[in-house]
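Here is the structure we will look at, set down as structure tokens.
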Amino acid sequence: MIWSVSWRNVWRNKTRSMVIITAIALGVFAGVYTIAFMFGWINQRINAVINTEISHIQVHHPEYIETNDAHDYIPDIKTIQSAAENKTQVKAASSRVLSTCMISSAETGSGLQLVGINPEKEQQVTNLHEKLIEGNYFEETKKNQLVIGKKLADKLKVKLRSKVVVTLTEMDGTLTGGAFRITGIYQTANSEYDERKAFVRASDLKNLIKIDENAGHELAILLNENNMEQKVADQLKAEFSNLEVMSWLEIMPDMKMMNESMNLMMYIFVVIILLALGFGIVNTMLMVILERIKEIGMLMAIGMNKVRIFTMIVLETIYLSLTGGVIGIALAVVLTAITGKTGLNLSLWAEGLNSLGFDAVIYPEIGFDAVIVVTLLVILTGVIAAIYPARKAIKLKPADALRIEM
Amino acid sequence: MKIVELKNLVKIYDDSEVKVKAVDNINLSFEEGDFAAIVGPSGSGKTTLLNLLGGLDTPTEGEIVVNGTDIGDLSSSELINFRLQNIGFVFQAYNLIPVLTAKENVEFIMELQGKKRKERSQRSMELLSAVGLKERVHSRPSRLSGGQQQRVAVARALASKPKFVLADEPTANLDSKSTETLLDIMEKLNKEEKITFIFSTHDQRVVKKAHRVITVEDGHVVSDEKRK
């Protein structure tokens, strides 16, 4: 009956309870929706890193990451590719030839990394083909097709079908060049990537730099599911100890740090909100105790022990907190579901966001685990906020409490 | 049979500036089936005496022996349990739990005692019928008159099957008709079920009904009159 008495006590002063429940609901809503927004934001960036820029795992010559030197290649990359593709966790693998080069249009020039790919394989690993805003993704049979980023196209002042000249060095160090026609222009959320990467067929690039047919600089591996990258990377490391096998988290440690620190920051943010709400709850419960001194005195007099009185007040506080918390969480989940589909358009800040690699349209999302954590934090807030008022209540002496004139 | 015995009872309130001897060496005992009123002017010590009898306050000196137990020796948590099992309370301002119905108020104390649901329900119905509130069992206190609330309080006080019931000015907030009804019910319970009632009161209507009248002045018992 104590559970029932506590619940009914919450609704004795409806106005006061509704005020504090509304405050809790708004605070929790703000906290949970902020978490959803940040999760969506970070996850979009992680998805872009995995699906567009890096894939789950990359394999290089041990020196390549340091030197970026075309001589640091993997001689028989096809063997590594086959070994990777044979793993059940691997969805697809794509080998690439890389070359740092100068690209020149009639107007100007720019430095970039030319990525030689096998388009059919690459489409299974990256989603760059979905990011095309003009032209096509190596659909023509002609040689020397080039797919470049919009930012680079704007910088070079070139359009689709424009011709550009690429200057690079052959494997023997001889300076060479080739004319390419722009057949596709892509745009990702990362403007720096768009400016620094251009794609050609691997065969065209291999001919140009005169590298062996079976050689390659990079093997990008996409897995069937996230969170398996370290396990698969470790397996490949064991198999190919002479190569550098890195997961995306190792290639971009800043992303890992950002992800972890953002998670921590979000929970700190929620804890600060709940701490502020906690003081409001303490204040409300102190008023409740003050109003009910006589009643608490009576309960003690008739034989309700201190543990039960303490429990009654803690339960009352938890009900108050949880009601507000559940309303706040429900509102946040509903809004997350809606904006998770429609997206939140931050195009006013698109340039700044894109330069950091973030999309300008954010799709908030929230995991069940975050909802559980926030719910537990709300309950914990209720329990902690109840301790002081409940202690005050159990310290009352029944004879004194009954004598008080309300 | 003696159910309560007060031996050389002294209660001094000492708030560091003033010392007040509210109860001064009282020796008193109550028998099973007593229907006693403690009377006296305001400040005479009757509420203090009632609080000491009920274990709501502890004596400065002396003993309060209830059914062979000196309640002065009990710790505060033991005292709470002792009150739950042995003493029924009726307060001047009824002091029912406002969020519970009449039946739930009566059942509440039995739940504290750990009684089973069926037993609680049956006894609460019997008691509420006995105080004439069979039709109002599902009403909350705010829906009941003062007299009805006090009758629920009496039912609640009896729910735990106490050794005796302490009633502090039970009729102070009631009109004549409600007072008469309440006193008739308590007298009937006293007569038929041998339930011991000890009142502190100013109310002459209560004094008239009481079978024993103890007059307290300045912390002393000045008279102890047994009528029947």
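The values are calculated or read from the model by the stated rules, or taken from the named source; none is laboratory data. This structure is a prediction, so every number in the text was calculated from the model and none was measured. Note: ideal-geometry Cβ built from the backbone for every residue, glycine included; neighbour counts use all protein chains shown. Only protein heavy atoms, including side chains, enter the accessible area calculation; ligands, DNA and RNA are left aside. Shrake-Rupley method; radii C 1.70, N 1.55, O 1.52, S 1.80 Å.
Counting other Cβ atoms within 10 Å, which trypsin sites (Lys or Arg not before Pro) in the range B:107-148 have at most 11 and lie in a DSSP loop?
Values: sites: B:LYS115, B:LYS116, B:ARG117, B:LYS118, B:ARG120, B:ARG123, B:LYS134, B:ARG136, B:ARG143; in loops: B:LYS115, B:LYS116.
Here the trypsin sites (Lys or Arg not before Pro) that fit, given the DSSP loop and packing criteria, are B:LYS116.
What Kirkwood Rh does the range A:1-136 have if only Cα atoms enter the pairwise 1/r average? Answer in Å. Intermediate results must be reported in sequence, preceding the final value.
Details: mean 1/r = 0.0487 Å⁻¹.
The answer is 20.5 Å.
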Calculate the spin-label point distance for A:GLU291 paired with A:ALA30, positioning each point 7 Å from the Cα along the beta-carbon direction, and give it in nanometres. 2.5 nm
Antiparallel as a % of all DSSP beta bridges within the range B:104-228, to the nearest 5? 55 percent
Taking the range B:93-154, the equivalent ellipsoid from its C-alpha gyration tensor has semi-axes in Å, biggest first, of 18, 12, 9
Among all the lysines, which ones have a C-alpha under 24 Å from B:LYS21's C-alpha, if same-chain residues fewer than 8 places away are not counted? A:LYS397, B:LYS7, B:LYS11, B:LYS46
10 Å-binned pair-distance histogram of the range A:165-208 (Cα, whole percent): 21, 48, 27, 4
Taking the Cα atoms only, what angle lies between the long axis of helix A:368-394 and the longest principal axis of chain A, rounded to 10 degrees? 20 degrees
So if I average 1/r over every pair of distinct C-alpha atoms in the range A:149-241 and take the inverse, what Kirkwood radius in Å does that give? 16.2 Å
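What FRET efficiency comes out for the pair B:LYS116/A:THR375, r = Cβ-Cβ distance, R0 = 51 Å, nearest 0.05?
Working: r = 34 Å, r/R0 = 0.67.
Step by step, r from the Cβ atoms, then E = 0.90.
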Can you say what percent of the DSSP beta bridges in chain A, counting only those with both residues inside, are antiparallel? Round to 5. 80 percent
Round to a whole number: what % of the accessible area of chain A belongs to carbon and sulfur, probe 1.4 Å? 60 percent
If you fit an axis through the alpha-carbon atoms of helix A:14-48 and take the longest principal axis of the Cα set of chain A, what angle between them do you get, 0 to 90°, nearest 10? 10 degrees
For a quick check of your reading of the filter: which GluC sites (Glu not before Pro) in the range A:119-212 sit in a DSSP loop and have no more than 16 other Cβ atoms within 10 Å? A:GLU139, A:GLU140, A:GLU170
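Tell me the trypsin sites (Lys or Arg not before Pro) within the range A:1-108 that lie in a loop according to DSSP and have at most 13 other beta-carbon atoms within 10 Å.
Details: sites: A:ARG8, A:ARG12, A:LYS14, A:ARG16, A:ARG45, A:LYS78, A:LYS87, A:LYS91, A:ARG96; in loops: A:ARG12, A:LYS87.
Taking the range A:1-108 and a limit of 13 other Cβ atoms within 10 Å, no loop trypsin sites (Lys or Arg not before Pro) are found.
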With T = 37 °C, eta = 0.692 mPa s and Kirkwood Rh from C-alpha pairs, the Stokes-Einstein D of chain A in µm²/s is about 129 µm²/s
Give me the Kirkwood hydrodynamic radius of the range B:77-218 in Å, from all C-alpha pairs, to one decimal place? 15.2 Å
What aspartates and glutamates could a cross-link reach from A:LYS14, if we take a straight Cα to Cα line under 18 Å and drop same-chain neighbours fewer than 8 places away? A:GLU291, A:GLU316
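Could you run the numbers on buried accessible area between B and A, total for both chains, 1.4 angstrom probe, in Å² to the nearest 100? The partial results should precede the final answer.
Details: alone 11180 and 19800 Å², together 28830 Å².
Buried surface at the B/A interface: approximately 2100 Å².
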C-alpha long axis of helix A:306-342 to longest principal axis of chain A, angle in °: 30 degrees
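Quick one: divide the alpha-carbon radius of gyration of the range A:303-404 by 2.2 N^0.38 Å and tell me what you get.
Working: Rg = 22.4 Å, N = 102, 2.2 N^0.38 = 12.8 Å.
The reported ratio for this selection is 1.75.
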Using the Cα atoms of the range A:231-352, I'd like the radius of gyration and the largest Cα-Cα distance, Dmax, both in angstrom. 25.8, 81
